[in-house]
1. So if I check each of ASN144, ASN130, which one is within 20 Å of LYS155 (Cβ to Cβ), crowded, with 24+ Cβ neighbours inside 10 Å and either outside the structural domain of LYS87 (by TED's automatic domain parsing) or without any contact (Cβ under 8 Å) to a residue 40 or more places away in the chain (or both)?
2. Residues VAL105, VAL132: which one is in contact with a Leu (Cβ under 7 Å, 6 or more places away or on another chain) and among the aliphatic types (A, V, I, L, M)?
3. With β-branched (Val, Ile, Thr) and either assigned to a helix (DSSP H, G or I) or on the phi > 0 side of the Ramachandran plot (or both) as the only criterion, which of THR70, THR49 stands out?
4. Against the condition in contact with a helix residue (DSSP H, G or I) (Cβ under 9 Å, 6 or more places away or on another chain), within 17 Å of SER81 (Cα to Cα) and at pLDDT below 90, how does VAL7 come out, does it pass?
5. Would you confirm whether or not segment 32-45 contains a residue that is in the same structural domain as ALA91 (by TED's automatic domain parsing), at pLDDT 95 or above and either among the β-branched types (Val, Ile, Thr) or not in a helix (DSSP H, G or I) (or both)?
6. Picking from GLY113, GLY118, which residue would you name as being at pLDDT below 95, surrounded by 17 or more Cβ atoms within 10 Å (Cβ to Cβ) and under 18 Å from the mean Cα position of the chain (by Cα)?
7. Which numbered condition trips up GLY154, out of (1) in a helix (DSSP H, G or I); (2) on the phi > 0 side of the Ramachandran plot; (3) small (Gly, Ala, Ser)?
Amino acid sequence: MIKLISVILCLLLVFGWGQPVIAQSLQSNFTPEELQQGDEWANQAFAATNQGDFAKAEMYWTKIIEKFPTNAGAWSNRGNSRVSQNKLEAALADYNKAVELAPNVTDPYLNRGTALEGLGKWSDAIADYNRVLELDPNDAMAYNNRGNAKAGLGKWPDAIADYQKSTEITPNFAFARANYALALYENGQIDQAIREMRNIARKYSKFADIRAALTAAYWVNGQKGEAESNWVAAYGLDNRYKDINWVQNIRRWPPSMVAALDKFLKLQ
């Protein structure tokens with residue numbers, strides 16, 4: 001988000017879950033050629049997203065919205081492209097429209113929650129994640145994101161419970177497992193947190209986040225060799241972890257983990 005948008009959550013095909021809304025109006029109002037043009041714009045938007053050109057993706061989603069204004073998927077996806085440019089208020093407006101058009105679909109709420117987190121509106125974000133879980137009680141991403149929002153409020157035991165539930169639903173959700181370990185550390189469960197970090201690192205040896213977390217935890221424990229070894233791996237995989245501002249405000253690690261990594265970085 002920016003405060004943490006960790007990932008663009010779910011880029012949905014423009015004529016995917018929005019199909020029922022579109023089908024009712026497009027049969028008589030749009031030609032096959034116009035529908036094909038919409039598909040082409042959607043493909044171009046996804047291609048631009050994959051290339052990291054979010055402004056270009058936003059342009060294509062805007063074209064689709066102008067042509068097919070009842071397509072909730074297009075509104076939600078334009079919101080995603082705007083989040084990736086840190087245009088959070090504009091993204092929020094898009095998600096609001098997507099929710100209005102598709103009130104019983106999970107993705108607009110999930111995506112809107114990330115924008116609300118980015119704006120520091122933790123309680124509003126939690127409300128959106130709660131709505132996702134009403135619609136789909138087994139949505140692992142909603143549990144993970146709700147944990148992030150609860151962490152933003154400093155409710156670490158509640159965040160731990162959500163991260164744990166997320167990993168129970170999707171055991172290979174690496175970021176949820178990492179968030180769980182970091183929250184344990186913040187909650188004073190240091191030994192358990194480090195064990196969890198080690199387990200994650202064994203399974204995902206190229207997971208920069210957990211390598212950086214182990215660096216911090218080992219360093220303040222006085223295990224300098226292990227800290228240095230994990231740092232070589234972490235920095236080689238993702239050099240953003242050298243920027244403590246990014247770690248604190250974008251990745252949004254818990255305060256004690258940020259402090260531990262900062263101690264390590266200041267001696268580099």
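1. ASN144
2. VAL132
3. THR49
4. When the stated conditions are applied, VAL7 passes them.
5. Scanning segment 32-45 turns up no residue that is in the same structural domain as ALA91 (by TED's automatic domain parsing), at pLDDT 95 or above and either among the β-branched types (Val, Ile, Thr) or not in a helix (DSSP H, G or I) (or both).
6. After applying the criteria, what remains is GLY118.
7. (1)
The values are calculated or read from the model by the stated rules, or taken from the named source; none is laboratory data. The structure presented is a predicted model; accordingly, all values stated were derived computationally and were not measured. Counting neighbours? That spans all protein chains shown, and the Cβs are built from the backbone with ideal geometry, glycine included.
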